[in-house]
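The values are calculated or read from the model by the stated rules, or taken from the named source; none is laboratory data. Since we're looking at a predicted model, the values are computed, not measured. Cβ placement follows ideal geometry from the backbone for every residue including glycine, while neighbour counts extend to all protein chains displayed. Keep in mind that these areas ignore ligands, DNA and RNA; they rest on the heavy atoms of the full protein, side chains included. Shrake-Rupley method; radii C 1.70, N 1.55, O 1.52, S 1.80 Å.
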Amino acid sequence: MDSMTAVKLISPTLLFLMTLGMGMTMTWQDVQRIVRYPKAIGVGVVNQAVVLPLVGFAMVQAFDVSPEIAVGVMLLTFCPGGVGSNISTLLARGDIALSVSLTLVSGCLIVVTLPVLTNAAMGYFLGEALPRTLPVGETALRLVLMVLLPVALGMLINHRWPDFTARAERYVKASGFVLLSLMIVAVLAKEYQTFVAYSQQAGAVVTALCASTMAIGFVSARLFRLNRAQSTSICIEVGIQNTLLALVIAGLLERAYLSIPAVIYVVVSSAMLLVVIVWANLPTRRPAPASRSAREH
């Protein structure tokens, strides 16, 4: 069994498992919040659905990467809202409710946008050499089964059996992350030569993409006068992509090189997240009280 066959068989199950764990942290209030707080949701969604792909396109043009890497990078930008973003937001003292709501909205949007945009990117960068694209209808159905269904199922489990959810949720997520790590190691071992051939140019553009989108997400949120916690959430949601979903699409297309930016992105985004989490947890400086003699004058 080659690496892409393994990814094609294993990654959908992994995505279902990890998205189920995410759904087990959600409630109906998260859905209602989308309507109640439109400004924060709107800023986040525009960043994810519009700004992120545009920045990705600008980056692959600026770095003049190969067409294969360009498609892999663009594929990442079409997969916003990774399941690990909610945990990262919690550690960074962000607005966890906003993070969960944005993840839910992005999960709904990609059912329509992901297959269409992926095919457009492949057509643009690979042109006539393109032997295979994603069937839009079939891929949309797969995304419903792998992304939306487990979220709904997780929410139902959380509603009906909250005590069970509290005990099981951490194990579901932990097992998913462990299996994801093992799958990435397996892909690297099998596709080592391909990875080495493309990693240098992919690493530079992926690092620039992650850093710039995080910065844009935070600054744009502050420009719209969102508070620091909300701005941190949007920073993370825009900067952290659903790499597992990108691996699923690479497996469906049976193209190993499409998985390289996603694998590198796991390492880069983890380092960037560490910086954000440390920064967010630094003690906030407050002005020192004036001395008595100063107050008397």
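Show the residue pairs that are 6+ apart or on different chains and have beta-carbon atoms under 6 Å apart, the first residue being within segment 146-168 and closer than 11 Å to residue 27 by Cβ, the second being among the β-branched types (Val, Ile, Thr) and open to solvent by less than 70 Å² (accessible area, probe 1.4 Å).
Filtered contacts from segment 146-168: 158/165; 165/157.
Going by what's in this entry, would residue 35 be described as surrounded by fewer than 24 Cβ atoms within 10 Å (Cβ to Cβ), under 17 Å from the mean Cα position of the chain (by Cα) and in a helix (DSSP H, G or I)?
No; evaluated as a whole, the condition is false for this residue.
When only residues in segment 84-98 that are over 10 Å from residue 235 (Cβ atoms) and part of a loop (DSSP other than H, G, I, E, B) count, which is modelled with the lowest pLDDT?
84
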